[in-house]
Each structure stands twice: as C-alpha cells, then as structure tokens.
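**Q** Let me give you the structure first, and then I'll get to my questions.
The values are calculated or read from the model by the stated rules, or taken from the named source; none is laboratory data. All values reported here derive from a predicted model rather than from experimental measurement. Glycine gets a Cβ as well: all are built from the backbone with ideal geometry, and neighbour counts include every protein chain shown. Ligands, DNA and RNA are excluded from the accessible area calculation, which covers all protein heavy atoms including side chains. Shrake-Rupley method; radii C 1.70, N 1.55, O 1.52, S 1.80 Å.
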Amino acid sequence: MINRRTFSKAAGLGTGAAAVSLSGLQASASAAATSSKSAGSTAPSVPTITPGTHTDFSMLKHVKAGLLDVGYAEAGPAHGPVVVLLHGWPYDIHSFVDVAPLLADQGYRVLVPYLRGHGSTHFLSRHSPRTAEQSAIALDIIAFLDALKIQKATLAGFDWGSRTADIISALWPERVKSLVSSSGYLITNVKAQLEPAAPAVEHNWWYQWYFASDRGRKAMENEADRIALCRYVWTLVSPNWNFSDAVYNRTAEAFKNPDYAAIVLYNYRWRIGLIQGEHRYDRYEKVLAAQPPIHVPTITLDAALDPFTPPGDGSAYRAHFTGPYDHRTIANIGHNLPQEAPTVFAQAVVDADHL
C-alpha cells in the first residue's frame, strides 16, 4: 500500500515515480432502482427533487495540488464528512449540480473538482506533459485531497470519475471511507484492451476509434467541432434525457480549456494501446493491470439505458468488490446518471456511507 507521504511526492511529479514497493497493493424522481440487498437501516432518506432544480454552484474555488491548479465547487458544512464527486467525459462538474446540494443538506462537505483538461483546472507549468493515464488522474485527486488536508473521503463518480474512484479505492483504501461507482469496476487493463470485443461493444466505442485517427484529432482540436461532437455523444448515451441547449452549453464551457483536446485524445489513445504512457506511472499501471480488488464499502450503479452498462445486473464485475456491497439498477436512465437521476445518486452516496 502506498502511504500518504510517498504519494504526495508522486503527485508533486518529479522526474520519476516515487520509489516505493507495490507488493502490498492489491433518474428522474420516479426512476426505479432495484437493489441486490438493503442498505444500512440507519441511512436517512434523501428528499426527492426534479432534475434540473439547481442551475449552478454557489461556491467555486481553486487549490494548487500536484501538477495542477484545480478548480472545484464546494457545498455543505466545512467540517462535515467529505464526499468527492468525480465527473466523466464528455461532462463536467455540472453533472452533480443537483446532487451536491442534496448531500450538503445531509451534512456532508461536498467537493466537485474539474478533472485535468476541464473547466478552470489548469497545469501549473507549461512544461508538464499533457498526459492522461488512468493513474495520473487518480494521482491528481490524491494531490487534491492532500492539498485540502483531507485524509479520508467518500468517492462517487461515473465514467472517468468511476474509474478514478475505483483506482484510489483499490490502491489507497485508507483514503476512502466508501465508494459509489456507476457502471461498476472500470479499472483498465491496457493489454486486455488490445483484443477485439463483441461487434455491439465496438460500435458503442465509435468515438474511441475516431480519436485514433487524424480526422478525430482535428475534430477535437477545433473548438466548434468538439463541442458539436460532445453534444452528439450526449444524445446517444442518454436516449431518454431531454436536456436543453442551456444545460448543454453550461457544461460545454468546460470543453474550452486549452488542454482539453490533448487530454481527451491522450486518454483514449493510451487506453487502447496506441501510445505509451509516461514512465513515472508505469509502476501504478502494472498493479492496475492485475485488476486489484476493492475492499472498501461500495455501491455500484447500472443505468439501464446506458450503452456501456455490462449485462448481468452487475455480475460481470461483482467479484472485484470484496467488502460490504450493494448493487442497483436504475430504470429509464442513461449514462449521465447523477444529472439524470440526482436523488437516486445522492441516496446511493448516503447509503454507501452507512454500509
């Protein structure tokens, strides 16, 4: 297990990774959620709200953390138990614009950071490589926690956010009180990604192959083109979500970050083995390739209309979670689960805290 002091050094990003041993690492308000078991009886119920009730965050902050100056939203009491909400692609912190106040009202200190390359988060040095391995993004969040002097937090996310939360929970469980992971266990084994998948799966990942091409690169590097592309992705992966232009445009502001194209292209190209990652992250990626188990209390969420949800009601990844666990399927909801069904997502966070 990597300790906090060593990881702070790694997050500070010197010329190489920290010299440590890894041998010890291992809906809408009416959305129907089915659960494999009941959560703890002491968990309070989160009030039901209509998605889109809130339109913005009341407090946006910045903190220097590792390689980055991280922009983040904060809500709730300063000394409450901490929840960190992690967005995915192509989204931003506004995926949690309704979830954050629900959790703040339950007494949580809620932090919602922009991931690297998104929104107001920016690199401290123009010389830092604009890379985006899965472990690099996890290191960003560890550095974020360290910068705010937070030893332990509940982590909850979807898409890139789920992957990041899964990684931290697997490798640094002492930093995680509980976990909510949409789509289950998302830690990437790059070698396994080199093998072909079922045709329907490959079809769902069309933009991954597009980003591997020069045409895809040009589209992402052109601001207007990438904003149009990301909007199209929203319509495909959340077929029942009738979001407005205003809702999309609010999030699309985060895609105007000057490092956005580089970060997104790197992540997807790296994930399918087209480019090599930075050597400083090799030791972490080697451990992650072994698909380490997650022991912290966890609730996994599967949105029924999400094309990336694996079949089998969570059975495909159940064995990866070895601690207190619950699984829920959310009917009539797509990929952006926290924005489409904020009450359901917030309730999962509260319930995970009581497992």
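**Q** So what are the ³J(HN,Hα) numbers for the range 271-285, from phi and the Karplus equation (6.51, -1.76, 1.60; θ = phi - 60°), rounded to whole Hz, Gly and Pro as x?
**A** Each residue of the range 271-285 in turn: 4, 9, x, 7, 9, 7, x, 5, 4, 4, 9, 4, 5, 6, 5 Hz.
**Q** Would you work out what percent of the accessible area of the range 129-255, with all protein chains in place, is carbon or sulfur (probe 1.4 Å)?
**A** With neighbouring chains kept in place, the figure for the range 129-255 is 54 percent.
**Q** On average, how much accessible surface per residue is there in the range 82-157, in Å², for a 1.4 Å probe, leaving out ligands, DNA and RNA?
**A** Counting only protein heavy atoms, the per-residue value for the range 82-157 is 22 Å².
**Q** Label point 7 Å out from ILE150 along Cα-to-Cβ: which residues of the range 85-103 have amide N under 13 Å?
**A** Counting backbone N atoms under 13 Å from the label point, the list is 85-87, 100.
**Q** Express in Å², to the nearest 10, the accessible area of ARG318 obtained by rolling a 1.4 Å probe over the protein heavy atoms while all chains stay in place.
**A** My reading of the accessible area for ARG318 is about 100 Å².
**Q** What list of ³J(HN,Hα) values in whole Hz, one per residue of the range 166-183 in order, does the Karplus curve 6.51 cos²θ - 1.76 cosθ + 1.60 (θ = phi - 60°) give from phi, with Gly and Pro shown as x?
**A** Here the 3J(HN,Hα) series is 4, 4, 4, 5, 6, 9, 9, x, 5, 8, 10, 7, 7, 9, 10, 10, 6, 6 Hz.
**Q** So, one more: Label points 7 Å out from Cα along the Cβ direction at GLU174 and THR53: separation in nm?
**A** Between GLU174 and THR53, the label points sit 3.9 nm apart.
**Q** Still on this model: At a Förster radius of 45 Å, what calculated FRET efficiency corresponds to the Cβ-Cβ distance of LYS218 and ALA290, to the nearest 0.05?
**A** Rounded to the nearest 0.05, the efficiency is 0.80.
**Q** With only Lys, Arg, Asp and Glu charged, each at its Cβ (+1 for the first two, -1 for the last two), find how big the charge dipole of the chain is about the Cα centre; round to the nearest 20 debye.
**A** Using Cβ point charges on Lys, Arg, Asp and Glu, the chain gives about 960 debye.
**Q** Sequence gap at least 6, Cα distance under 8 Å: using those rules, report the relative contact order of the range 105-173 to the nearest whole percent.
**A** Once normalised by length, the contact order is 27 percent.
**Q** In the chain, what percentage of the DSSP-assigned beta bridges are antiparallel, given to the nearest 5?
**A** For the chain, the DSSP antiparallel bridge percentage is about 40.
**Q** Could you tell me which trypsin sites (Lys or Arg not before Pro) in the range 114-147 are loop residues by DSSP with no more than 10 other beta carbons within 10 angstrom of their beta carbon?
**A** Qualifying residues, ordered by number: ARG126.
**Q** Measure off 7 Å from each Cα along the Cα-to-Cβ vector at ASN249 and ASN204, then give the distance between these two points in nanometres to one decimal.
**A** 3.2 nm
**Q** Sequence gap at least 6, Cα distance under 8 Å: using those rules, report the relative contact order of the range 120-214 to the nearest whole percent.
**A** Rounded, it is 22 percent for the range 120-214.
**Q** Place a point 7 Å from Cα of LEU124 in the direction of its Cβ. Which residues in the range 134-172 have their backbone N less than 20 Å from it?
**A** Hits in the range 134-172 for LEU124 at 20 Å: 135-151.
**Q** Could you list which residues have their amide H under 5 Å from that of LYS177, counting only those 5 or more apart in sequence or on another chain, with H placed in the peptide plane?
**A** For LYS177, the qualifying residues are ALA153, THR154, LEU155.
**Q** With a 1.4 Å probe and every protein chain left in place, work out the accessible area per residue of the range 274-355 in Å², rounded to a whole number.
**A** Solvent-accessible surface per residue comes out at 36 Å².
**Q** Multiply the residue gap between ASP69 and ALA228 by 0.36 nm, knock off their C-alpha separation, and tell me the result in nm, one decimal place.
**A** This chain segment gains 54.5 nm when fully extended.
**Q** With the cut-off at 1.5 for a/c, could you classify the range 121-192 from its C-alpha gyration tensor as rounded, prolate or oblate?
**A** oblate
**Q** How many lysine pairs in the range 30-185, separated by 8 or more positions in sequence or lying on different chains, have Cα atoms less than 25 Å apart?
**A** 9
**Q** List, in order, the whole-Hz ³J(HN,Hα) value for each residue of the range 96-102 obtained from phi through the Karplus relation with A = 6.51, B = -1.76, C = 1.60 and θ = phi - 60°; use x for Gly and Pro.
**A** 10, 5, 8, 5, 4, x, 4
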